[in-house]
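To start, the structure under review is shown below, and the notes come after it.
The values are calculated or read from the model by the stated rules, or taken from the named source; none is laboratory data. Source: prediction; values computed, not measured. Here the Cβ positions follow ideal geometry from the backbone for every residue, glycine too, while neighbour counts run over all protein chains shown.
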Amino acid sequence: MKVNARTYQSFLKFILENNLLSDKHIKIQNKLTKLVDLTDWYYLDKEDLSWASLKKDDIQINLAFLDDKERFITKVDLDSNQFVFNEFSTLVFTSSAFNSNLNMVLNDKDTKKTESFGQQFKNKPKENVLKFAEEVCSWGRGQRVWANLKRLNKDSLENKLLNWLNMAININDYNPSEIKKVIKVGDDIPGLGVSFASKHLRMINPNVFPVLDDVLAKGLGFALNENGYVLFIKNINTFKKQYNIPEYIRSADIEMVLFLMVRQLVRSN
């Protein structure tokens, strides 16, 4: 079994920062020291597996890693010796791997905070559009994107963003032609691009709009353009129906779960 070293580092830091498995902190810290210079695959041993599944506030936290057939599994799967696999594009993963990442997604404080700025924008678009865009860029680690947006659009930025995002407010379900149009208009704003355009849309209506960025495009084979974006959303909707995903799990939540797994592959390969 193997896991991306950076993903594993984040998992171990989560254990330490939340004071979980306190009796193993010294061993975990030693493990982190060994991992510090690694960026590709790390092969798990018995000690690693001993802390690869734990609970925080009654929420199960599992490390998702790859088996010898390049499928994402967890220690829960190994312990039960029962493997129920799901598929999305080229990605294969157990329900446990999906749900463990979903727990992290649903409890992501930074994402919830940025969604609140999306709600503020919808309540008072003109007053909040620039602050909303800046927060989205910060959430997506796109400080350069925000700087380029201001540099390339100057005084017209506010009106361009306002006119574009007002289009998105009125899209409340899967409408391929409208989605294609709104992502294209965002992509055409100098300095934005499909990736950060989709990040803005995602924060306005996560039920409809996921993010499609370089990692997901490269890892799953979707074109980073308006056609690829519409197809990505269509596939997420199909996935929800095929695997009976509960209604409260939004399209953007599924995308983030997929991202956490795909990122391991892209980082390591």
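When residues in region 232-269 are screened for being of a type in the set (A, V, I, L, M) and under 13 Å from T90 (Cβ atoms), 5 of them pass.
Just to be sure before I move on: is N99 in the same structural domain as L220 (by TED's automatic domain parsing) and without any contact (Cβ under 8 Å) to a residue 40 or more places away in the chain in the structure I sent?
Values: in the same structural domain as L220 (by TED's automatic domain parsing): no; without any contact (Cβ under 8 Å) to a residue 40 or more places away in the chain: yes.
When the stated conditions are applied, N99 does not pass them.
Return the residues of region 55-76 that are of a type in the set (A, V, I, L, M), more than 15 Å from Q264 (Cα to Cα) and in contact (Cβ under 8 Å) with a residue 40 or more places away in the chain; say none if nothing qualifies. Please lay out each step first, then the result.
Residues of region 55-76 of a type in the set (A, V, I, L, M): 59, 61, 63-64, 66, 73, 76.
Those left that are additionally more than 15 Å from Q264 (Cα to Cα): 59, 61, 76.
Listed by number, the residues that qualify are I59, I61.
Could you go through region 226-249 and let me know if any residue there is over 14 Å from the mean Cα position of the chain (by Cα), in the same structural domain as S116 (by TED's automatic domain parsing), farther than 21 Å from F117 by Cβ and of a type in the set (G, A, S). Looking through region 226-249, at least one residue is over 14 Å from the mean Cα position of the chain (by Cα), in the same structural domain as S116 (by TED's automatic domain parsing), farther than 21 Å from F117 by Cβ and of a type in the set (G, A, S).
Taken as a whole, the structure leaves K34 outside the set of residues that are in a strand (DSSP E or B), of a type in the set (K, R) and farther than 16 Å from M261 by Cα.
Quick check, is L20 of a type in the set (A, V, I, L, M, F, W, C), more than 18 Å from R263 (Cα to Cα), modelled with pLDDT under 90 and in a loop (DSSP other than H, G, I, E, B)?
Details: of a type in the set (A, V, I, L, M, F, W, C): yes; more than 18 Å from R263 (Cα to Cα): yes; modelled with pLDDT under 90: yes; in a loop (DSSP other than H, G, I, E, B): yes.
For L20, the condition - of a type in the set (A, V, I, L, M, F, W, C), more than 18 Å from R263 (Cα to Cα), modelled with pLDDT under 90 and in a loop (DSSP other than H, G, I, E, B) - is met.
Of all residues in region 57-72, one or more are modelled with pLDDT under 90 and part of a loop (DSSP other than H, G, I, E, B).
A quick yes/no check of all residues on (1) at pLDDT 95 or above; (2) farther than 30 Å from K160 by Cβ; (3) part of a helix (DSSP H, G or I):
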{"site": "D79", "(1), (2), (3)": "no, yes, yes"}
{"site": "F93", "(1), (2), (3)": "yes, yes, no"}
{"site": "N99", "(1), (2), (3)": "no, yes, yes"}
{"site": "L102", "(1), (2), (3)": "no, yes, yes"}
{"site": "K112", "(1), (2), (3)": "yes, no, yes"}
{"site": "Q119", "(1), (2), (3)": "yes, no, yes"}
{"site": "N128", "(1), (2), (3)": "yes, no, yes"}
{"site": "K131", "(1), (2), (3)": "yes, no, yes"}
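For N86, indicate whether it is in a strand (DSSP E or B) and either modelled with pLDDT of 90 or more or not assigned by TED's automatic domain parsing to the domain that holds G221 (or both). Walk me through how you get there before you give the answer.
Details: in a strand (DSSP E or B): yes; either modelled with pLDDT of 90 or more or not assigned by TED's automatic domain parsing to the domain that holds G221 (or both): yes.
Yes.
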